[in-house]
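Report on the structure given below.
The values are calculated or read from the model by the stated rules, or taken from the named source; none is laboratory data. Quantities reported herein were computed from a predicted structural model and do not represent experimental measurements. Here the Cβ positions follow ideal geometry from the backbone for every residue, glycine too, while neighbour counts run over all protein chains shown. Accessible surface is based on the protein model in full, side chains and every heavy atom, while ligands, DNA and RNA are left aside. Shrake-Rupley method; radii C 1.70, N 1.55, O 1.52, S 1.80 Å.
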Amino acid sequence: MFGSILRRILIFAITIFVASLVIFLLLDILPGDPARFILGINADIEAVAALREQMGLNLPIWERFWHWFFGLLRADLGISVTQNVPVAELIGERLFVSLPLAFFALILAIIIGIPIGIIAAQNRAKFIDSFLMILAQIGIAIPNFWFGMLLVLLFSVKLSLLPTGDFISWNEDFAAALRSLILPSIALALPQAAILARIMRTSLVDISNADFIRTARAKGLTKKQAIWRHGVRNAILPIMTILGLQFAFLIAGTVIVENVFYLPGLGKLIFIAISERDLILVRGAIIILILIVSFIMMLVDIAYQLIDPRLRLRG
Amino acid sequence: MGKLKRENLFKTAWFHPSFRIGFLGSFFFIILAIISIFWTPYNIEELNIANRFAPASFNHLLGTDFFGRDMVSMLMKGALTSFIVAVLAVVIGMIIGVPFGLIAASYGGIIDNILSKTNDFLFAFPAIISAIIITAIFGPGAINAMIAIGIFNIAVFARVARGGALSIKMLQFIDAAKLSGMGELKIAFKHILPNIFSLLIVQASVQLSLGILAEAGLSYIGFGTQPPQTSLGLMLKEAQSFFLIHPTLAILPGLTIVLIVIFINIAGDGLRDVLDPRLAKEETLDAAG
Amino acid sequence: MFSLVFGKFFLLFRNLILSISVIFLLFTASALAQQSEIKLGMVLEPPHLDPTAGAAAAIDEITYLNIFEGLTKIDANGAVLPSLATSWEISDDNLTYIFKLKEGVKFHDGSKFDAEDVVFTFERAMAEDSVNAQKGIFSIIEEVRAIDDMSVAITLKNPSGDFLFNIGRGDAVIVAKESADNNKVNPIGTGPFKFVRWDRGSRVILEAYENYKGDAVSLKRAEFVFISDPNTAISAMLAGDLDGFPMFPAPESLEIFANDDRFKVVVGTTEGETILATNNKRAPFNDIRVRQAIAHAIDRKAIIDGAMFGYGTPIGSHFAPHHPYYVDKVDIYPFDLEKARQLLAEAGYPNGFKATIKLPPPSYARRGGQIIASQLREIGIELELINVEWAQWLDEVFSKKDYDLTIVSHVEPFDIGIYANPDYYFQFDNEDFQALMQQLNRTTNDDARRALAIYAQDFLARHAVNGYLFQLAKTGVWRANIEGMWANAPVEGNDLSTIRFVD
């Protein structure tokens, strides 16, 4: 078992290496001289040349890649061209917004999606089932950024209950920071909750045809009880894998939602870095995004192996 | 799996109510979009500022927008762009992803291993991440959004094709073909591909609706369609700041997106039910843009 | 029926959320903003906070007159007032200025302000390796000399009519030798507010400086919050998350605020001449008839209505309508499609031509560009719209001059002199105009300056160097009980010292 976990970690490491290489090469072919961007349009040629030397831009591309990659391993991603601050520091600050946002959204998706799926499965083919599944269809179909805007109009503008974003750092005002993440995480969670509900329902319906549920029912349990006691537990495993994948998508989804609300997260950072052509920052932010996503995928795989004995044998 | 023949698929599915509703609904929007290639009630490139925010009337069935453009024409053109982006992203995904999956399934071993790992890697790239990289390099645009969504679709189709192919490989007629001396690749494309075709169609419907949502999300943050072109997502973005004064400008494209996605999804659900009820659990996740 | 059910559901929901919010409120110390704290919205986040080392307007919007002060200052109406210099004398030849400095002023780090700081500031800006964005202000200075601790003499190379105005701008604020290098991240000035914190991507926080030598200020604390998205700006204002938005980015929604008692909408002027900038060296725009044709084909009213929702004043030349020297040149090339087609035909383009237009992010450019493209199509000019970000615009358009047309607002005050620079991105190379500007710069007599400025406006309008569209309005929205906010923007800045809440 340790062997398969080690192998999974190795794959993660290779993924990150390959991703770094691809991103470095892709962003390196871009036209434009970072040194000139830093110094501005009126800088004279000698100053640009001096800065190029200082930034190591005259080195061959492979050396620059190694330099950057080993920097990444030491959490050193260079200095932002436009903000003059270490990229790692900028990203670090932003993760305190994006990661909690994605995490809350995941929690919300679970506490909304899974009960709805269970209720629908217990009442299969009844009115409540169809009603909930129609809701789920709508939940999947509403673009989450638009849903976010509608939430803002209702809860912030009309009812003045929650802020429109306005994130204040955690140590400044914890409750306010939490409040400012409520609406964005609902917006982010909605489609994922709808998907979870559908998956939960389908796996329960599937399981309810399985032998052990029939046995349970033969023992005198009602259909609802049987699904609740035996079905749900068995449906958790497939849900787990999906949750891991969903968290990855939620992280990516923050890029859009942070732009609907004014949240200083990683997504907003990337957005501004692109519009200001701060490629050192773009590069760093993308690799961190990929790192997080791949890391979660790895954790899910490992957790799956630990939980599922069949996989353990195979691994 | 996939016991139904291709020709019969549509006919059988037609008797499934949710397929019929979904199909007719999406067909309606697709037809509107296709018509807009040749004709729209008004030319949306001609702005008429004096006639902006016109209410619905006989001349403008759904009124006009903030530039005085006819909303019906805008929705038709917008739907066209959204469909083109989503459909071509599916095509990209299929053309590259399906052979990927088939080859991995046919050869197995180290080739399968490498291809599957590459695929897992691609799977870690939700469309938004690819879109960020592409936008950083080439700038924003509908085509770039399409490629970004397409890259994610490659991973999805490769996975579906590989899974489908592996389960069919066990069947007897494949062994028969092998005995007759056919090569792995030939078997894959001649015997396996036709049998996983319906599986791929179902997946295509899922990716199509996700593509429409992803295009909208990318356009919203400015990584997608750029004016003077329009798409449903861009219309929604541009109209949102008028929402409190002229809500219909945002509600119309928003509702169109929601309807198209729902129609495609229920058509896909119906198709899936017809093909094999057990398939229904193969849900695919939202790319969320 | 439906609305009834919905209404009930709505109430239920509201109560639920209210009770949740109450729980949260228990933990929040001060959920309601006190009347001495203000939160203002800004569209762009500054790259850093040193106004003497960058051109970004956002730097001045936070720091100017708040953190930093100059020898003089510009007030809400563009008048020059004393600031760190309490008085000055000008020699008869208009070349030497002697400034008396304000006594007892301390920088926010406690160090004393004196003549040495003034000399340091100016010499730093005049230096060869200076990164000041307005080097032109300092290039005419011959020498800066401390007469004693509290007086400074500045000698100019030649007389300048707007020297006192220029040294009142953000680019000429006084910095201390000890802290100057750090001002980008930790600005230390002499102003009524000191820097507290910068939450990157979110806000800059200032608070009143207890040792400020000057008129007492009413605000204790101020936050500048960065919101680039117009939708979000609208919601944040309506939800009460902000107290004001001095340069509101969504003119389309101003009627909502105008009809809401909680807010007031104040429409003022800016120095922003919004123009269809034209590459005068590139064919076919190097032909004056083509530029004249474009000028005739532009319907300014449709652009102002369509892009700015009526906010903005049409201009016919590169000059601000509220300036005392302004003359109306809008009618030199009135909207006349027939005339435009004819001029285009004379220039050899009877069927028009294709060109590109690069559009930076503000809505005046993005929306305006679509409208202009639609207008020029009427005379056969097909424009391809290319949306660019600011960095790209600066690189491609401003420095590489790789463009046909672009739309941009020129926000520097009295910046007609840019047309005398043949390397400026318009690439307008005209010796007569260059001579005219040299003459204007040397002239200090007001009547003579006025005559020259009027001649220059007419000259630019007739040569149709650029398409002159409109003067950008300053559309501000803030709470109805706020007084003392700048209605106009003679320079970029938000003077917090005059702002107060009234009941």
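List of remarks:
- If only residues of the range A:155-166 that are of a type in the set (S, T, Y) and within 21 Å of A:P264 (Cα to Cα) are counted, the one that is surrounded by the fewest Cβ atoms within 10 Å (Cβ to Cβ) is A:S156.
- Of residues in the range C:97-139 being of a type in the set (S, T, Y) and open to solvent by less than 50 Å² (accessible area, probe 1.4 Å), the one farthest from C:P82 (Cα to Cα): C:S130
- For the range A:167-280, the helices (runs of 4 or more DSSP H) that sit wholly inside it and include 1 or more residues that are within 19 Å of the chain's Cα centre (by Cα) are A:174-208, A:232-260, A:266-275.
- Test set (1) away from chain A (no Cβ under 12 Å); (2) part of a loop (DSSP other than H, G, I, E, B); (3) among the hydroxyl-bearing types (S, T, Y) - C:T155 fails condition number: (2)
- Failed condition for A:S130, given (1) in contact (Cβ under 8 Å) with a residue 60 or more places away in the chain; (2) within 14 Å of chain B (Cβ to nearest Cβ); (3) farther than 30 Å from B:I245 by Cβ: (1)
- Pick from the range C:481-503, criterion farther than 19 Å from C:K220 by Cα and open to solvent by 20 Å² or more (accessible area, probe 1.4 Å), ranking: modelled with the lowest pLDDT: C:E492
- Boolean, B:S205 is within 11 Å of another protein chain (Cβ to nearest Cβ), over 30 Å from C:A250 (Cβ atoms) and hydroxyl-bearing (S, T, Y): no
- Only listed residue being open to solvent by 60 Å² or more (accessible area, probe 1.4 Å), without any contact (Cβ under 8 Å) to a residue 60 or more places away in the chain and closer than 26 Å to B:V156 by Cα, chosen from B:I31, B:I37, B:I114: B:I114
- Matching residues in the range B:46-83 - criterion: being assigned to a helix (DSSP H, G or I) and farther than 30 Å from B:Q207 by Cα: B:I49, B:A50, B:N51
- Listing of helices (runs of 4 or more DSSP H) fully contained in the range B:108-203 that carry 3 or more residues being touching a helix residue (DSSP H, G or I) at 6+ places or on another chain (Cβ under 6 Å): B:109-123, B:127-138, B:142-169
- Filter result for C:A355 (over 23 Å from the mean Cα position of the chain (by Cα), more than 14 Å from chain B (Cβ to nearest Cβ), closer than 20 Å to C:L460 by Cα and not aromatic (F, W, Y)): no
- Scanning the range C:409-450 for residues being more than 23 Å from C:V491 (Cβ to Cβ), without any contact (Cβ under 8 Å) to a residue 60 or more places away in the chain and in a loop (DSSP other than H, G, I, E, B) gives a total of 4.
- Set side by side, the residues A:T254, A:T241, A:T215 differ, and just one is touching a residue at least 40 places away in the same chain (Cβ under 8 Å), open to solvent by 30 Å² or more (accessible area, probe 1.4 Å) and among the hydroxyl-bearing types (S, T, Y), which is A:T241.
- The range B:136-146: number of residues that are open to solvent by 10 Å² or more (accessible area, probe 1.4 Å) and either among the basic types (K, R) or within 13 Å of chain A (Cβ to nearest Cβ) (or both): 5
- Here the strands (runs of 3 or more DSSP E) wholly within the range C:192-271 that include at least 2 residues being within 12 Å of chain A (Cβ to nearest Cβ), surrounded by fewer than 22 Cβ atoms within 10 Å (Cβ to Cβ) and over 20 Å from the mean Cα position of the chain (by Cα) are C:193-199.
- Residue that is more than 9 Å from every other protein chain (Cβ to nearest Cβ) and of a type in the set (V, I, T), where the choices are A:I286, A:I302, A:I290, A:I274: A:I302
The rows are residues; the columns are (1) over 23 Å from C:N280 (Cβ atoms); (2) open to solvent by 40 Å² or more (accessible area, probe 1.4 Å).
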| residue | (1), (2) |
| --- | --- |
| C:P361 | yes, yes |
| C:G369 | no, no |
| C:I372 | no, no |
| C:Q375 | no, no |
| C:E382 | no, yes |
| C:V388 | no, no |
| C:Q392 | no, yes |
| C:V397 | no, no |
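- Some residue of the range B:210-221 being within 12 Å of chain A (Cβ to nearest Cβ), assigned to a loop (DSSP other than H, G, I, E, B) and either of a type in the set (D, E) or under 26 Å from A:I270 (Cα atoms) (or both): yes
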